[in-house]
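A.B. asks: Dropping a structure here in structure tokens format, bear with me for questions.
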Amino acid sequence: MAVAMILSYRYLLICSATLALLLQLCSGLSLDTVREFLTREEDTVVFGLIERAKYPRNTPAYDPGYLAGGHGHNASFAEMFVRESEAVHAKAGRYQSLQEIPFFPFRVPFTLAPPYNFTTELYSAAAFVNVNDAIWSTYFNQLLPLLAKNSDDGNYAATVASDLVCLQALSRRINYGRYVAEVKFIGDQQNYTTLIRNKDTDALMKLLTSEAQEDVVKRRVQKKAMVFGQNVTLDGPVETGNSNSSQTSFKVDPSLVYELYDKWVIPLTKQVEVEYLLHRLD
């Protein structure tokens, strides 16, 4: 009887893994498609940073006191801009896609756009996982002071509009860790299932980490910042800078982009992956 139960259990595991793999193939989700998406998102992130670096810090845009004068606001101009923009995007149907996650979900109105049948590659009980709060805090408190010059030109609307582009790109890139985790889970379901049941977060982190791949990503985004951030002129060679040049040789410092991925993007992505996996069997 015991042998029969064990064989039945193994059969169910094989059937479950096979079904999950078939669903994954039907949805088009694979390690290759995931890496292709993340590689393409690097372009969006780097271009967004280049655009934001065009403007100075413009500190009043982030000070709640700037809007407080007699209007009862307790939020900054930047926060109000993001909230109102997300409301418009929600009405247009942006957040029907699970790849897009608003920073202020409780203020997002009902969409006016016709529903679209997006594919549901994510496990429904874990699809809610995101680190938008951490992305918001990291962007404004750690990245922005390094990215923008400390001055004020009064172009607050254009400045926070470029902030929104960066925030959305970083959110999409980092929270895509849910899709990465799903692919990895399907590819090694037995090992992941054991660790998930044991809630062994350290072992999960070790299993999903590839330091060699992370190094490739960090060096690639640094090179993209160098290529995309060149000063192009009609006369003479393209100014590319060199390893001894200052950051003013580029529109955004390539070493800052490397640091962004090294300290924040990759660690936060892996945090999303682990949290997703912990809910993968719910």
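A.B. asks: Exactly one of (1) modelled with pLDDT under 95; (2) open to solvent by 50 Å² or more (accessible area, probe 1.4 Å); (3) part of a helix (DSSP H, G or I) is unmet by HIS71. Its number?
C.D. replies: Unmet condition: (3).
A.B. asks: Considering only residues that are part of a helix (DSSP H, G or I) and touching a residue at least 60 places away in the same chain (Cβ under 8 Å), look in the range 90-141 and name the one that is farthest from the chain's Cα centre (by Cα).
C.D. replies: PHE140
A.B. asks: What pairs come out if I take residues in the range 35-51 that are within 14 Å of VAL216 (Cα to Cα) and pair them with residues that are open to solvent by 40 Å² or more (accessible area, probe 1.4 Å) whose C-beta lies under 7 Å away, six or more apart or interchain?
C.D. replies: GLU42/ARG220
A.B. asks: Against the conditions (1) of a type in the set (S, T, N, Q); (2) open to solvent by 30 Å² or more (accessible area, probe 1.4 Å); (3) within 19 Å of PRO254 (Cα to Cα), where does THR138 fall short? Just the number, please.
C.D. replies: The one condition THR138 does not meet is (2).
A.B. asks: Does any residue in the range 165-186 that is farther than 17 Å from GLU214 by Cβ come within less than 8 Å, Cβ to Cβ, of a residue that is open to solvent by 10 Å² or more (accessible area, probe 1.4 Å) and of a type in the set (Lys, Arg) six or more places away or on a different chain, and which pairs are these?
C.D. replies: Qualifying pairs under 8 Å: GLU182/ARG280; PHE185/ARG280.
A.B. asks: So, one more: Select, from ARG35, ARG40, ARG52, the only residue that is touching a helix residue (DSSP H, G or I) at 6+ places or on another chain (Cβ under 7 Å), assigned to a helix (DSSP H, G or I) and modelled with pLDDT of 80 or more.
C.D. replies: So the residue among ARG35, ARG40, ARG52 that is touching a helix residue (DSSP H, G or I) at 6+ places or on another chain (Cβ under 7 Å), assigned to a helix (DSSP H, G or I) and modelled with pLDDT of 80 or more is ARG52.
A.B. asks: Let me ask something additional. Return the pairs, sorted by first residue and then second, in which the second residue is of a type in the set (A, V, I, L, M) and surrounded by 11 or more Cβ atoms within 10 Å (Cβ to Cβ), the first residue lies in the range 142-158 and is more than 10 Å from ARG57 (Cβ to Cβ), the beta carbons are less than 7 Å apart, and the residues are 6+ apart or on different chains.
C.D. replies: Filtered contacts from the range 142-158: LEU143/LEU260; LEU146/LEU256; TYR156/ALA61.
A.B. asks: Further question on the same structure: For the subset of the range 248-279 comprising residues that are among the charged types (D, E, K, R) and in a loop (DSSP other than H, G, I, E, B), which member is nearest to ILE196 (Cα to Cα)?
C.D. replies: Restricting to residues being among the charged types (D, E, K, R) and in a loop (DSSP other than H, G, I, E, B), the top hit is ASP253.
The values are calculated or read from the model by the stated rules, or taken from the named source; none is laboratory data. Just so we're clear, the structure is a prediction, and the values are computed from it rather than from any experiment. Don't worry about glycine lacking a Cβ; one is built from the backbone with ideal geometry, like all the others, and counts go over all protein chains shown. For the accessible areas, the whole protein counts, side chains as well, though only heavy atoms, and no ligand, DNA or RNA atoms are used. Shrake-Rupley method; radii C 1.70, N 1.55, O 1.52, S 1.80 Å.
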